[in-house]
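Quick notes on the structure that follows.
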Amino acid sequence: TMKFRLVRDVLTPSYTMGQLFDEIGLVCSTLEDAVRPVKIPGETAIPYGSYEVRVTMSPRFKVPLPILLNVPNFEGVRIHAGNTKDDTEGCILVGLSRNNGVLLNSQKALARVMAVMGDKPCTLSIVKP
């Protein structure tokens, strides 16, 4: 099982940014909704913890994308491309660079994530710095 680690290092009242690592090193930057003690649908980052990840067909995006399994109180949490917090509803967005709540080159970052994950079983641990 391939292990990924998402280190959340910028937490604001409206968004959360982080860095996604595989077993070798940095893969890309991430952007999520704000971390909140109580979930607000479509506006809350998933809880810290470790999750099984599989690549399956996304009904919304019509392409294979990583999905996090067994996330408490969430369904359909995917890793996908996007640039701002408006592009996520609890999912993890990826980009090659970041600046003040904006991700850049998100399609290239998603291609990198997909290449690293392939079709191998993976786990993702979401942690504090």
Exercise. In segment 6-17, which residue that is part of a strand (DSSP E or B) and over 18 Å from ALA111 (Cα atoms) is most open to solvent (accessible area, probe 1.4 Å)?
Worked result: LEU11
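Rundown of residues vs (1) part of a loop (DSSP other than H, G, I, E, B); (2) in contact with a helix residue (DSSP H, G or I) (Cβ under 9 Å, 6 or more places away or on another chain), yes/no style:
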{"site": "SER29", "(1), (2)": "no, yes"}
{"site": "VAL38", "(1), (2)": "yes, no"}
{"site": "PRO41", "(1), (2)": "yes, no"}
{"site": "TYR51", "(1), (2)": "no, no"}
{"site": "THR56", "(1), (2)": "no, no"}
{"site": "PRO66", "(1), (2)": "no, yes"}
{"site": "ASN73", "(1), (2)": "yes, no"}
Seminar exercise, completed: Reported set for segment 18-27 where residues are touching a helix residue (DSSP H, G or I) at 6+ places or on another chain (Cβ under 9 Å) and open to solvent by less than 50 Å² (accessible area, probe 1.4 Å) is LEU20, ASP22, VAL27
For this session: State whether one or more residues within segment 47-55 are aliphatic (A, V, I, L, M), closer than 19 Å to PRO129 by Cβ and modelled with pLDDT of 95 or more.
Result: no
Problem set entry | Qualifying positions in segment 97-120 - farther than 23 Å from VAL35 by Cβ and open to solvent by less than 70 Å² (accessible area, probe 1.4 Å) | ALA111, MET114, VAL116, MET117, GLY118
Problem set entry | Conditions (1) in contact (Cβ under 8 Å) with a residue 12 or more places away in the chain; (2) basic (Lys, Arg); (3) open to solvent by 60 Å² or more (accessible area, probe 1.4 Å); number of the one not met by ARG78 | (3)
Problem set entry | For LYS85: the one exception among (1) crowded, with 16+ Cβ neighbours inside 10 Å; (2) modelled with pLDDT of 95 or more; (3) among the basic types (Lys, Arg) | (2)
For this session: Select from segment 66-79 the residues that are over 19 Å from SER125 (Cβ atoms) and not small (Gly, Ala, Ser) and list them in ascending order.
Result: GLU75
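This table checks each residue for (1) acidic (Asp, Glu); (2) in contact (Cβ under 8 Å) with a residue 60 or more places away in the chain; (3) more than 19 Å from ALA81 (Cα to Cα).
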site: ARG5; (1), (2), (3): no, yes, no
site: LEU11; (1), (2), (3): no, no, yes
site: VAL27; (1), (2), (3): no, yes, no
site: PRO37; (1), (2), (3): no, no, yes
site: GLY42; (1), (2), (3): no, no, no
site: ARG54; (1), (2), (3): no, yes, no
site: VAL63; (1), (2), (3): no, no, no
site: ASN70; (1), (2), (3): no, no, yes
Exercise. Which condition number in (1) modelled with pLDDT of 95 or more; (2) touching a Lys or Arg at 6+ places or on another chain (Cβ under 6 Å); (3) open to solvent by 10 Å² or more (accessible area, probe 1.4 Å) is the one that LEU65 fails?
Worked result: (3)
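The values are calculated or read from the model by the stated rules, or taken from the named source; none is laboratory data. The model shown is predicted, which means the values in this text are computed figures rather than measured ones. When we count neighbours, we look across all protein chains shown, and the Cβ atoms used for this are built from the backbone with ideal geometry, even at glycine. Surface accessibility is based on the protein's heavy atoms, side chains included, excluding ligands, DNA and RNA. Shrake-Rupley method; radii C 1.70, N 1.55, O 1.52, S 1.80 Å.
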